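J.: Pasting a structure below so you can have a look.
Values quoted throughout were computed directly from the atomic coordinates according to the rules given, and no laboratory measurement underlies them. These numbers come from a predicted model, not from an experiment. Cβ atoms come from the backbone with ideal geometry, glycine included; neighbour counts cover every protein chain shown.
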There are 2 protein chains.
Amino acid sequence: MAALRPTSPQRSGSPQRPGPPQRPAELPPTAWAVLGLLSFPGERTGYELKKWADASLRHFYWSPAISQIYAELRRLEALGYASSRRSGPEEPRAKRSYAITAEGRAALVGWAGGAEDAGPPVLKHPLLLRVWLGHLTAPEHLRALVSEHIAHTRGELKEVHDALARADGDEAWTHPQIALRWSGRRLEAEVDLAEAMLADLTEMTGPSASGQPPEDSPTDG
Amino acid sequence: MAALRPTSPQRSGSPQRPGPPQRPAELPPTAWAVLGLLSFPGERTGYELKKWADASLRHFYWSPAISQIYAELRRLEALGYASSRRSGPEEPRAKRSYAITAEGRAALVGWAGGAEDAGPPVLKHPLLLRVWLGHLTAPEHLRALVSEHIAHTRGELKEVHDALARADGDEAWTHPQIALRWSGRRLEAEVDLAEAMLADLTEMTGPSASGQPPEDSPTDG
DNA sequence: GTGTGCATGTAAGTGGTTACATGATTGA
DNA sequence: TCAATCATGTAACCACTTACATGCACAC
């Protein structure tokens with residue numbers, strides 16, 4: 001439910017040795033995202049990173065497996081892009097906290113400022129696949145699925161609105177806030193889109209069956 | 001550029017033996033999507049399937065590698081969900097055409113009518129990740145990336161509009177048409193969303209740098 | 001004859017998942 | 001005392017990709 005900020009303590013990073021000089025490595029997007037999470041001030045554990053990602057990046061980018069986060073953190077540290085610190089005995093719980101290094105920040109800035117646009121958005125919408133294959137489904141069932149989707153999306157929208165209200169006016173976290181606004185508007189659009197599709201469905205396929213593809217003999221396969 | 005219909009010949013499927021009785025297998029979504037492609041009348045090759053998917057499913061679901069398509073077709077045939085036919089010598093080019101079987105159709109209908117909603121939509125939007133990480137980028141560069149995205153999306157939108165215009169009034173392919181309409185509206189919303197974000201970016205981060213996260217000492221990592 | 005499109009595949013790699021295993025701390 | 005949360009990882013698996021290899025048909 002936390003939205004913009006991580007809930008971790010605002011400790012300052014550990015001092016670190018420069019690390020071996022490497023040109024900005026080719027990394028999968030997930031690694032950059034994890035490094036991006038670390039680029040905000042403070043150090044944090046893999047577990048915290050996961051929660052934070054689920055509350056923010058999930059709405060427009062990804063929701064990684066926790067095991068994946070740990071794997072990326074290890075890789076980032078091996079590259080010298082992050083440094084880690086074991087909690088001392090003064091802390092109640094044993095854990096490992098990560099912070100970005102100067103090298104990591106430089107590499108990340110290089111990636112973020114890169115000319116290539118990091119690829120087009122990818123959308124995988126199972127509901128639309130079902131609609132596309134609507135001739136296989138009872139029309140009422142299809143409409144019920146769309147309605148469920150609308151209800152679910154409204155729920156997500158409420159979460160984002162709440163997060164936005166909580167974060168309003170926090171000038172320090174401008175960019176996450178802009179991304180969250182986009183997510184809110186996007187979810188509103190998703191609702192509108194589904195409602196328009198529902199209207200199309202009612203209008204074009206009628207209350208009962210219709211819209212079957214032509215000459216699809218039932219014995220043909 | 002073909003949109004609703006495949007361009008393949010409308011041949012009727014080959015006769016086939018019932019195949020071993022198996023309960024509807026657990027299949028990855030890609031397999032169902034390929035089987036769904038085959039659920040429209042006519043038989044077609046893997047190559048044709050790939051082109052068709054790129055022209056339709058790509059807008060809301062997926063754009064698979066051609067090698068993946070061939071692999072799924074083999075799996076589907078092994079399951080008895082599809083049957084294939086080698087082209088005879090009368091045809092100019094050697095190829096293998098696939099058709100859905102009765103068993104495959106039954107399994108697909110079971111999947112499509114299933115209670116589970118096949119999972120929530122997944123969105124992976126690299127541009128938003130960049131915006132979220134906007135404190136690492138020069139504001140003008142960020143805005144340029146968003147503008148590029150708008151231009152690119154308008155291009156996609158034109159494709160969909162054209163396809164829609166070509167397909168208008170074709171009552172036989174109602175559901176693919178509804179999905180395509182959704183895609184068109186979605187792309188329009190994507191443009192609106194990006195324009196709103198551009199306004200936010202201009203308003204909240206100013207023409208030059210600002211919106212840095214707090215106390216992020218450059219030596220801290 | 002040369003390039004483009006049609007057509008089919010194999011091999012290797014990887015990004016990412018689920019399931020599993022472990023244990024400490026916190027709060028009801 | 002019992003469940004939930006915090007916290008970290010390993011092992012196995014798999015969906016999917018890229019690169020590669022092959023060859024025919026057709027238009028220029």
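J.: Within the set of pairs 6+ apart or on separate chains, which have a first residue in the stretch B:187-200 that is free of Cβ contacts under 8 Å to residues at least 12 places away in the same chain, a second that is charged (D, E, K, R), and C-beta atoms under 7 Å apart?
T.: B:LEU193/A:ARG185; B:LEU193/A:ARG186; B:ALA196/A:ARG185; B:ASP200/A:ARG181
J.: Does the stretch B:125-140 include one or more residues that are within 16 Å of DNA strand D (Cβ to nearest atom) and closer than 27 Å to A:HIS59 by Cα?
T.: yes
J.: Can you tell me which of (1) within 16 Å of DNA strand C (Cβ to nearest atom); (2) more than 23 Å from B:VAL146 (Cα to Cα); (3) of a type in the set (A, V, I, L, M); (4) within 12 Å of chain B (Cβ to nearest Cβ) is the one A:LEU79 doesn't meet?
T.: (4)
J.: Restricting to the stretch B:119-151, name every residue that is surrounded by fewer than 16 Cβ atoms within 10 Å (Cβ to Cβ) and either more than 7 Å from chain A (Cβ to nearest Cβ) or outside any helix (DSSP H, G or I) (or both).
T.: Correct list: B:GLY119, B:PRO120, B:VAL122, B:ALA138, B:GLU140, B:ALA144, B:SER147, B:ALA151.
J.: Another question, if that's okay. Here's a check for you: in the stretch A:43-76, which residue that is within 14 Å of chain B (Cβ to nearest Cβ) and hydroxyl-bearing (Ser, Thr, Tyr) is farthest from DNA strand D (Cβ to nearest atom)?
T.: Among them, the one singled out is A:TYR61.
J.: Is there a residue being at the interface with chain A (Cβ under 9 Å from one of its Cβ atoms) and surrounded by fewer than 22 Cβ atoms within 10 Å (Cβ to Cβ) anywhere in the stretch B:25-35?
T.: Checked the stretch B:25-35: at least one residue is at the interface with chain A (Cβ under 9 Å from one of its Cβ atoms) and surrounded by fewer than 22 Cβ atoms within 10 Å (Cβ to Cβ).
J.: Any residue that is at the interface with chain A (Cβ under 7 Å from one of its Cβ atoms) and either within 15 Å of DNA strand D (Cβ to nearest atom) or surrounded by fewer than 14 Cβ atoms within 10 Å (Cβ to Cβ) (or both) - is there at least one of those in the stretch B:95-115?
T.: No, there is no match, as no residue in the stretch B:95-115 is at the interface with chain A (Cβ under 7 Å from one of its Cβ atoms) and either within 15 Å of DNA strand D (Cβ to nearest atom) or surrounded by fewer than 14 Cβ atoms within 10 Å (Cβ to Cβ) (or both).
J.: Please enumerate the residues belonging to the stretch A:82-112 that are within 16 Å of DNA strand C (Cβ to nearest atom) and assigned to a loop (DSSP other than H, G, I, E, B).
T.: A:SER87, A:GLY88, A:PRO89, A:GLU90, A:GLU91, A:PRO92, A:ARG93, A:ALA94, A:LYS95
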